[in-house]
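The values are calculated or read from the model by the stated rules, or taken from the named source; none is laboratory data. Just so it is clear, the model here is predicted, and its values are computed rather than measured. Cβ coordinates were reconstructed from backbone atoms using ideal geometry, including for glycine residues, and neighbour counts include every protein chain displayed. We work out accessible area using only protein heavy atoms, side chains counted, and drop any ligands, DNA or RNA first. Shrake-Rupley method; radii C 1.70, N 1.55, O 1.52, S 1.80 Å.
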Amino acid sequence: MGNGIAHVCARAGCEVVLYDLEQGFLDRGLATIEKNLAREVAKNKLTQQQADEARGRITPTVDREALARCGVAIEAATERFAVKAEIFRELDRILPGDAILATNTSSISITKLATQTKRPEQVIGMHFFNPVPVMQLVEVIRGLQTSQATFDAVHALSKQLGKTPVEVNDAAGFVSNRVLMPLINEAVYAVMEGVATAEAVDQVFVLGMAHPMGPLTLADFIGLDVCVDIMRVLADGLGSPKYNPCPLLVRMVDAGWLGRKSGRGFYRYPLQ
Ligand code: CAA
């Protein structure tokens, strides 16, 4: 989601330092940003000049130390606590003392991540939704120690990005994934138990409930590995077996069927 977040920040006039581990990941992210800016120009949402200026505000780097000039960091790494914890320790070391450290986590505790830093009052959740340039919502999540000043700054930044911030408390999965992931998981159970095909489950939600995509198409879009990771965070954090990931979902991830990004999930996708 990092490319989408960089896209909306640059589009809103912010200077963006886009950091990733490898040049190849950066090249892929920048190609996606350029494709999506071009899509917005084609739809007359941006002029070519605005798109060029937005692209010009993004500086890609594989050098972490380049983040030293940032006033806000928005981390969007893999949904694993250990990975995010290491990044937060590094951000705390590198960024100026008054900088805000935000995480785009979809389920991990903000309060716990904040303990990895010496500035827990400046740590906050800023949860975006895919496709980031299109979806209106940012869930803004306070950790137990997040200050009012940090909350106000991130609330205002979300609005500057053209989003609608919604305040949510720090509990596993927040609101979005606390409700969405069990829905997806139950849809997988319906397929596993032979209640209906994946296509039929999706049709029920598209035609019966006016969802823009059915839950299994959405699971492929999010990534089946991400769905399993989030279900495990819910199971750990909320302590109920009802949040255990469906065995079929786990088997598909074990097989490398991760959804759209791997070319196969509940459906098949051409790899670009
Ligand atoms: N960048 C910029 N614009 C994009 C875009 C992108 N990546 N993808 C689509 N768009 C734009 C299109 O240009 C189009 O704009 P107009 O309305 O101005 O024409 C609009 O979005 C709709 O796109 P399409 O017509 O191509 O396709 P669609 O109507 O099928 O919509 C969709 C695509 C927006 C993805 C829609 O299917 C949808 O809303 N799906 C549900 C998405 C959703 O639930 N996201 C949340 C996932 S959960 C998550 O992200 C967080 C988590 O923690 C797991």
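Condition check ((1) open to solvent by 50 Å² or more (accessible area, probe 1.4 Å); (2) in the same structural domain as I110 (by TED's automatic domain parsing); (3) within 16 Å of the ligand (Cβ to nearest atom)) across all residues:
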| residue | (1), (2), (3) |
| --- | --- |
| R28 | yes, no, yes |
| I33 | no, no, yes |
| L37 | no, no, yes |
| D52 | yes, no, no |
| I58 | no, no, yes |
| D92 | no, yes, no |
**Asked** Does L18 fit the bill of being outside the structural domain of V233 (by TED's automatic domain parsing) and farther than 20 Å from V138 by Cβ?
**Response** no
**Message:** So for segment 247-260 (the condition being assigned to a helix (DSSP H, G or I), within 11 Å of the ligand (Cβ to nearest atom), modelled with pLDDT of 95 or more and farther than 25 Å from A6 by Cα), does at least one residue qualify?
**Reply:** no
**Asked** Any idea which of (1) within 22 Å of G29 (Cα to Cα); (2) loosely packed, with under 14 Cβ neighbours inside 10 Å is the one Q203 doesn't satisfy?
**Response** (1)
**Complete:** Here the qualifying pairs (Cβ atoms under 7 Å; residues six or more apart or on different chains; first in segment 53-64 and closer than 14 Å to Q23 by Cβ and assigned to a loop (DSSP other than H, G, I, E, B); second of a type outside the set (S, T, Y) and modelled with pLDDT of 95 or more) come out as V62/D20; V62/L21; V62/E22; V62/Q23; V62/L26
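To keep it simple, each residue is scored yes or no on (1) under 22 Å from G29 (Cα atoms); (2) in a strand (DSSP E or B).
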residue: Q116; (1), (2): no, no
residue: N130; (1), (2): yes, no
residue: M135; (1), (2): yes, no
residue: V138; (1), (2): yes, yes
residue: F151; (1), (2): no, no
residue: V154; (1), (2): no, no
residue: K159; (1), (2): no, no
residue: V166; (1), (2): no, yes
**Message:** Restricting to segment 12-26, count the residues that are in a helix (DSSP H, G or I) and either more than 18 Å from the chain's Cα centre (by Cα) or near the ligand (Cβ under 9 Å from one of its atoms) (or both).
**Reply:** 2
**Prompt:** If G194 passes every condition in (1) open to solvent by 40 Å² or more (accessible area, probe 1.4 Å); (2) more than 15 Å from the ligand (Cβ to nearest atom); (3) closer than 20 Å to S109 by Cβ but one, which one does it miss?
**Reply:** (3)
**Fill in**
When A77 is run through (1) away from the ligand (no atom under 13 Å from the Cβ); (2) within 21 Å of V166 (Cβ to Cβ); (3) of a type in the set (G, A, S), the failure sits at (2)
**Item:** So L101, is it within 22 Å of R64 (Cα to Cα), under 18 Å from the mean Cα position of the chain (by Cα) and outside any loop (DSSP other than H, G, I, E, B)
**Value:** yes
**Request:** Return the residue satisfying two criteria in turn: it lies in segment 157-175 and is over 21 Å from T111 (Cβ atoms) and open to solvent by 60 Å² or more (accessible area, probe 1.4 Å), and of such residues it is nearest to the chain's Cα centre (by Cα).
**Result:** T164
**Prompt:** Can you tell me which residues in segment 96-130 are closer than 17 Å to L218 by Cα and either away from the ligand (no atom under 11 Å from the Cβ) or open to solvent by 50 Å² or more (accessible area, probe 1.4 Å) (or both)?
**Reply:** N130
**Message:** It is to be established whether one or more residues within segment 176-185 are small (G, A, S) and more than 20 Å from the chain's Cα centre (by Cα).
**Reply:** no
